[in-house]
């Protein structure tokens, strides 16, 4: 993996897997990482099906017998994403404190509230409050923006919707500060390994269950120090086994997310990543900033040459990020 700036189980497990598959009827669990092929079915949707049996009658016609209806309720998938928003890192001043702006996305298929935790890595700062950035300007105005309660639970967010949040920090002592804050968003319904079920707690009275993110998103934000234009590059992965678990077994699909964050504007950067030994590339899985790319070396920004993916990032403005995603399957 490189960034180049110079060139342009047992029975219980079986039952859990079966239940997971039933709850996910019509739901695209990987929409945020493997491409949105269609809208997710809303949690709480009731799916009903009636079959017909036709038999000949005594008059040479046909008699139709309807089956009993088979009904199920689509479960609520609990998934979340959290990213930094706003400009580059700033320095805390004793008089004004500092604000870390983040964007939360409900990646599930149901309405969900999320608990926000913000923890400084040392005692040089303290968290004053977490607020919804109502006007989206990245600044905290108590007359406009809405501070979360003591439980720091957000309002309920619709599937696919985003919420701008502000973590307002105060310095403990005067002088410059160089620290970081760990921000975590957890689904209010619950969290756990992918496939964890919360019976009867989903939208519409159906079950809720955790998706690929385990219903938790984490983000570390640097506060203070000396601003820098040096890019940051991070690779994360998630695993989806054929049984719906996160086990790294044959046939499991690994989704890689490569995130490049730039302090200053840049042109000509590109991301290159080889397919690991023991895996095969999943055709058509390449994306940048959730936009699908073709595998062929054509007019779009990405390509797969049979051994590696390569994506040109184009003209990137200051304080921006680019996220490239692709999938491989374990052989």
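All of the numbers you see were taken from the coordinates with simple rules; none came from a lab. Remember, predicted model here, so these are calculated numbers, not experimental data. Neighbour counts run over all protein chains shown; Cβ positions are idealised from the backbone, glycine included.
Spin-label model, residue 299 to residue 117: label points 7 Å out along the Cα-to-beta-carbon direction sit 4.9 nm apart. A protection proxy built from the mean count of other Cβ atoms within 10 Å ranks the segments 162-171, 106-115, 269-278, most packed first, as 106-115, 162-171, 269-278. Taking a spot 7 Å from the Cα of residue 315 along the direction of its beta carbon, which residues of the stretch 262-288 have an amide N less than 12 Å from it? Of the residues in the stretch 262-288, 266-268 have backbone N under 12 Å from the label point off residue 315. The modelled label-to-label distance for the pair residue 248/residue 58, using points 7 Å beyond Cα in the direction of Cβ, is 7.0 nm. The stretch between residue 290 and residue 83 holds 73.1 nm of extra length on full extension. This uses 0.36 nm per residue minus the Cα-Cα distance.
Taking all C-alpha pairs of the stretch 78-227, those more than 21 Å from each other amount to 45 percent. Sorted fewest first by neighbouring Cβ atoms within 10 angstrom, 133, 151 come out as 151, 133. Using a/c under 1.5 as the rounded threshold, could you call the stretch 291-331 rounded, prolate or oblate? The axes a ≥ b ≥ c are square roots of the C-alpha gyration tensor eigenvalues, and prolate needs a/b larger than b/c, oblate otherwise. Oblate shape, in that a/c is at least 1.5 and b/c is the bigger or equal ratio.
Between residue 162 and residue 233, the contour length at 0.36 nm per residue exceeds the alpha carbon distance by 23.2 nm.
Panel order for 326, 198, 233, by other beta carbons found within 10 Å of each beta carbon, from fewest to most: 233, 198, 326. Straightening the chain between residue 67 and residue 265 buys 64.9 nm, computed as 0.36 nm per residue apart minus the Cα-Cα spacing.
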